[in-house]
Amino acid sequence: MRYFIIAGEASGDIHAAGLMNRIKAHDGSARFVFLGGDRMTEAAGHPPVVHIRDMAFMGFSEVIRNFNKVMENLTSAKHALRLAHPHCLILVDYPSFNLKIAKEARRLGIRTFYYISPKVWAWKEWRVPAIKRLVEKMYVIFPFEVDFYGQRHDWSVEYVGNPSVSEIDERLASLPPRDEFAREHHLPSRQWIALLPGSRVGEIRNNLRVMLEAAHAFPQYRPVIASAPDIAPDLYDAIAPGVERIADRSIELLAMSCGALVTSGTATLEAALTGTPQVACYRANGSRISYELMKRLLKVDYVTLPNLIVGRRVIPEMLLHECSPEAVADQLGKIIGEGPGRRAMLEGYAEMRRKLGDKNAPEQAAADIVARLQQ
């Protein structure tokens, strides 16, 4: 059967690739047309219609600046969908773009599934009626999403587990020795603080400088940047000249670091699953006015995934004007060494893992999608 899959950012590319591999296990004739990145390219065996490097625009202003490119991507996706006329469309998060393609799929009579819900429980809840109308089945990856959709919107969705759990556990099981990893990537032998400033240009510009200044408050440790594979090296060189960085090995770097500064997003979950103490940093424009506006728009008490999953503050969230080098360094100092702050965070991580469970998300979603199409 033919599958059309859309992921618009780095984490979606990883999760979608895992789903594609499991679909192939259940459907030996599976063929894919997709918008995504290198992981999906490897799973499909051919390049995407549009690569995520040309899709990952964050925030209203960045979308406006790249409006022509966004419209070009939409046109390309709709044309490819009509040309392929697949047995189904599978959407991976990325709602603003994906829901427009879902409308086209409905017009063409193509069945649509959603793997990894948009964060409508945090904001833009008004999208839910459209999602219900356009999507045959939603597969969610956080337990609290079942209650959100069921209790607030009378829609039965399926929790299939969280794909990051098995993905990261597989990586942790094959970790190389630390000294070998350091030699391979030309890293210093002393302990590291991992800096994960995001996968988009805007995130890196806003957060990396703050992270670096905070890390320099601890000269006994060496900051190391987990760079995004689709970001030009010039950007990192301009902000953090001379600072070591490695690409596409963030899980290994996290697991071998004594602490991490992480831009809010999927990376906070990854750091928690590796057991790395962290401070979540989201500088954006650093405005107090933006902070007050954000507090009114958000429908949740927290913005980071570990805190949302556990339902309490497990990791510190340094947002907008609160995300200063001094404030971040203060929080980092509480968790970077042995002490009650570090122990409390690791206990929170263990509680988070218990709540996520041990379901295999790509396997469960793939099996259900293929079974529905075969019926």
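Just so it is clear, none of the values below were taken in a lab; they were calculated from the coordinates. The structure presented is a predicted model; accordingly, all values stated were derived computationally and were not measured. Here the Cβ positions follow ideal geometry from the backbone for every residue, glycine too, while neighbour counts run over all protein chains shown.
Key figures for this structure:
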| quantity | calculated |
| --- | --- |
| Net length gained if the chain between residue 183 and residue 313 were fully extended (0.36 nm per residue, minus Cα distance) | 43.1 nm |
| Relative contact order of the chain, pairs being alpha-carbon contacts under 8 Å that are 6 or more residues apart, as % | 16 |
| Stretchable slack from residue 175 to residue 46, in nm (0.36 nm times residue separation minus alpha-carbon distance) | 43.5 nm |
| At 1.002 mPa s and 20 °C, Stokes D of the chain from Kirkwood alpha-carbon radius, µm² per second | 100 |
| Spin-label pair residue 107/residue 220, simplified geometry with 7 Å Cα→Cβ offset, distance in nm | 6.3 |
| Residue 344/residue 151 FRET efficiency (R0 35 Å; Cβ-Cβ; nearest 0.05) | 0.70 |
| Centroid-to-centroid separation of the stretch 307-373 and the stretch 174-238 [C-alpha atoms, Å] | 20 |
| Cα→Cβ-extended label distance, 7 Å offset, between residue 31 and residue 144, nm | 4.3 |
| 222 nm mean residue ellipticity, helices alone, for the chain (DSSP H n ≥ 4; -39,500 (n - 2.57); rounded to 500) | -15500 deg cm²/dmol |
| Cα-Cα over 24 Å, subset of 24/355; 103/137; 124/359; 69/103 | 24/355; 124/359 |
| Sorted by Cβ neighbour density within 10 Å, fewest at the top, the residues 108, 83, 134, 305 | 83, 108, 134, 305 |
| Rg [Å, one decimal], Dmax [Å, integer] - the stretch 167-356, C-alpha atoms | 15.8, 48 |
| The stretch 64-173: chymotrypsin sites (Phe, Trp or Tyr not before Pro) in DSSP loop, at most 16 other beta carbons within 10 Å | 123, 155 |
| Loop GluC sites (Glu not before Pro), the stretch 319-352 (other Cβ atoms within 10 Å of the site Cβ: 13 or fewer; DSSP) | 338 |
| Mean Cβ neighbour count within 10 Å, used as a protection proxy, ranking 364-373, 185-194 highest first | 364-373, 185-194 |
| Full-extension gain in nm, residue 213 to residue 354, via 0.36 nm per residue minus C-alpha separation | 47.3 nm |
